[in-house]
1. Kindly provide the helix-only [θ] at 222 nm of the chain, computed as the sum of -39,500 (n - 2.57) over DSSP H runs of four or more divided by all residues, to the nearest 500 deg cm²/dmol?
2. Obtain the nm distance between the two label points defined at ARG382 and LYS508 by a simple spin-label model: each point lies 7 Å from its Cα along the Cα-to-C-beta direction.
3. Work from the charge dipole of the chain (Cβ charges, +1 for Lys and Arg, -1 for Asp and Glu, about the Cα centre) and give the residue of GLN59, ALA337, LEU216 farthest towards its positive end.
4. Which of rounded, prolate, oblate describes segment 269-328, given a ≥ b ≥ c as roots of the alpha-carbon gyration tensor eigenvalues and a/c under 1.5 marking rounded, otherwise prolate only if a/b is larger than b/c?
5. Full extension from ALA257 to ALA128: what is 0.36 nm times the residue separation minus their Cα-Cα distance, to one decimal in nm?
6. With only Lys, Arg, Asp and Glu charged, each at its Cβ (+1 for the first two, -1 for the last two), find how big the charge dipole of the chain is about the Cα centre; round to the nearest 20 debye.
7. Any idea how far apart ARG321 and ASP292 come out in nm if each label point goes 7 Å out from Cα toward Cβ?
8. Taking a label point 7 Å from the Cα of MET485 along the Cα→Cβ vector, which residues of segment 498-519 have an amide N closer than 13 Å to it?
Amino acid sequence: MLTKTPWTSLVVLCLSAVCGCDRPLSKPTVQSPPKLPLELEGTVAEHAYVFGGGSMDAQAYGIVVRLGNNGSSEVPPRIRANLIEYLRKQNLGSARHGTEELSPARILDDRDTAVVLVEGTIPPGAPAGTRFDVVVAALAQTQTRSLDGGVLMPIELSMALGGGSLVQGAKVLAKAGGPVFVNPFLDPTKPAESAKFRTGRILNGAVVTEDRPIRLILRQPDYGRCSLIERRIRERFGEVEHGLGPARKKIANATGADTLEVSIPPQWQDDYLHFLQLILHLPLDTTHGAADAKARQVAEALQLPGARHEDLALIWEAMGRQVVPLIQPLYTSKNAAVAFYAARTGLRLGDVALAGPVMIRLAASANSRHQLAAIEELGKHRRVIHALQTLRTLIDDPNELVRIAAYESLVRLGDMTTVQRMDIEGEFQVDIVRSSRGYVIYATQTGQPKIVLFGQNMVARKPMFYNAPDDLVTINARENSEKLMVFRKIQRTGQYSDTLQSDFAVRKLIETLGRLDQDDAGRMRGLGLSYGQIVGTLQRMCKEGDIPAKFVLQTAPEIEKLYTGTATTGRPD
């Protein structure tokens, strides 16, 4: 988890945009217009592209702690000097702050720590506060054996220019820190996999520290067209300025013949990429009859083979509520794609009464290729009658992907009746889903770290004996046992912890494995395993039959792939 301790940046960076490379120190060159589909003619995208809204790579050197004897004291000299200065700024090695025994040199020389390269990609157009994953990797010239169970000390990420060199005083783009997630399915007894323990990810472990400027750049300078685009954006999304005092911003502001500054409105902060897409798909011609003609053109194009359904539907949505009467007859089209995208557009534009039932029907239809997308869409609309009832029913669907999609939508809708949540040490969440279908354990490996138990009464079987491949944790119970016996190997010393007792309920077992606090008598309540170590333990216990559940791992790197791919039920490569 991130702390409030500031960290000095040790890194350099590189940056790429949606339509090219962001060059902060020079004006972007005019780009030749790309070949646009016919249906995008006359939209903002025909005349302008987004600059500054692309993804941006960021880096830093950091320190991972809590590695036992798996770290390394080897640090390249120039990196060591910077890290020592960095640690001193955090008041380590300071008698005044009571940390004189934790000198920077002692931290770096301890095999409980390892110096790593931290790399992440800031999402396109991400405003301040946006969280994202980062990758951590032990330096090639060091003998670090494993980052499993480690924690990255808080650091600051700067722009990545490549080459691994450092830029003193480089602008800070994000902060990162937290538990390292190493592939929990690696086998430490296999030499071929040993190198993979040197790399991991910190799920949702970085946060953007400030808004990035986003601009629309015209491909050909034109004061009139620039003003027209500004006017259309403000007509569609409002002219109200937001922010306080000098920080007040207009949604769109033309600053020249070829540049418009774009500000993400507060109501779009959590869906800023969608907002930018709507701007690009916004038609410019508002003359009498032009809107109807464009909407009908989109409807015709939707039905053509190879149609770009997403782009076409975004044009409808960008046009606003005026298209609703025209697209309503398409909700019941025999063309499945037309029906789905028309209903989705209508729902997003406020036509809950007519579009809502169509989306519910599609979400409940096992034969529809739009079922998962319809389930996801329902999770964005609280006013759809019977949406909660439909999603709760789908929690018990035979298809695990449908169950997971329904769960995600219920969480977005805030349904804490179906979903109960536990927080483990502030590092990950455990959600327990009420379900009468067979037990499923679902775990994420990107974004928010969480374990989801489908079935509130899921229990481990007995008798049982589970021992991790590296002896990290042992769990056992006899046929007549009333409790599970659990203990772990301490990496630092090689000794074993005291044996703890846990209920057979899987939720309680996870709590015992992950907790790191003490009771009133000073006895440990849990083993302090990391999220990744617990995920690996649950997967192996499911595979061995110790937990009567199917294990499903979120497909990395994007959760969207889960809805179109095949769930992982065994050990991923």
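1. Details: 15 runs with 152 residues, N = 573.
The helix-only estimate for the chain comes to -8000 deg cm²/dmol at 222 nm.
2. In this crude label model, ARG382 to LYS508 measures out at 3.6 nm.
3. Going by the Cα projections, it comes out as ALA337.
4. Values: a/c = 1.88, a/b = 1.20, b/c = 1.56.
Oblate.
5. Working: separation 129, 0.36 × 129 = 46.44 nm, distance 2.86 nm.
That pair, ALA257 and ALA128, stretches by 43.6 nm at full extension.
6. Working: 67 positive and 62 negative charges, 38 e Å.
Computed charge dipole of the chain: roughly 180 debye.
7. Spacing of the two 7 Å Cα→Cβ label points: 2.0 nm.
8. Backbone N within reach: 498-502.
Laboratory data are not the source of any read-out in this text; all were calculated from the coordinates shown. For clarity, every value in this text was computed on a predicted model and none was experimentally measured. Note: ideal-geometry Cβ built from the backbone for every residue, glycine included; neighbour counts use all protein chains shown.
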